[in-house]
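Each remark here refers to the structure printed beneath this line.
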Amino acid sequence: METYPLSTVILFVRDIPTLARFYQVHFGYLPGSTDEPGWLELRSPDGGATIALHQAAKSQKRGSEIKLAFRVKDVAAFRTRALRQGLKFGVLHEVRGFQFSNAKDPAGNAICISSRGLQKQGTG
């Protein structure tokens, strides 16, 4: 069966510049060129999925029913660094050999940092 890798996650947001700064500062995403009003793509520096910020309608609810999970090697160290930059993550969870912690971005979207998949090579 052919696979189709995830290429873009679209977030409908009211404040594109604030969200762009958030994902650049905390997760290292890079702004892509755009000439389309109400649309900004943020590129992953490692070639992973793009985060597209789309201008939300005024009637649209804050936040969404998705969670963006970012893979990090040292979840505890990332949480500490993020807190110094003003981003507070919740409790550090340890499950089946990996760690994770949750937070929200400025638009109310759920985000997660997780070491899932980075545990011992060949497992998980």
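The values are calculated or read from the model by the stated rules, or taken from the named source; none is laboratory data. Please read these numbers as outputs of a predicted model, since none were measured by experiment. For neighbour counting, all protein chains shown are included, and Cβ atoms are generated from backbone atoms with ideal geometry for every residue, glycine included.
Okay, here's what the table says:
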item	result
Test set (1) touching a strand residue (DSSP E or B) at 6+ places or on another chain (Cβ under 7 Å); (2) crowded, with 16+ Cβ neighbours inside 10 Å - Gly38 fails condition number	(2)
Any chance Leu87 is surrounded by 10 or more Cβ atoms within 10 Å (Cβ to Cβ), without any contact (Cβ under 8 Å) to a residue 60 or more places away in the chain and either under 17 Å from the mean Cα position of the chain (by Cα) or not in a loop (DSSP other than H, G, I, E, B) (or both)	no
Of all residues in the range 92-107 being among the hydrophobic types (A, V, I, L, M, F, W, C) and in contact with a strand residue (DSSP E or B) (Cβ under 7 Å, 6 or more places away or on another chain), the one that is nearest to Ile10 (Cα to Cα)	Ala107
Top-ranked residue in the range 90-101 [being modelled with pLDDT of 90 or more and surrounded by fewer than 16 Cβ atoms within 10 Å (Cβ to Cβ); ranked as nearest to Gln60 (Cα to Cα)]	Gly90
Test set (1) over 19 Å from Lys104 (Cα atoms); (2) part of a loop (DSSP other than H, G, I, E, B) - Leu40 fails condition number	(2)
Verdict on Ser59 being of a type outside the set (Lys, Arg), modelled with pLDDT under 85, assigned to a loop (DSSP other than H, G, I, E, B) and within 22 Å of Thr8 (Cα to Cα)	no
Options Val13, Val9; residue that is under 20 Å from Arg116 (Cβ atoms), touching a strand residue (DSSP E or B) at 6+ places or on another chain (Cβ under 7 Å) and β-branched (Val, Ile, Thr)	Val9
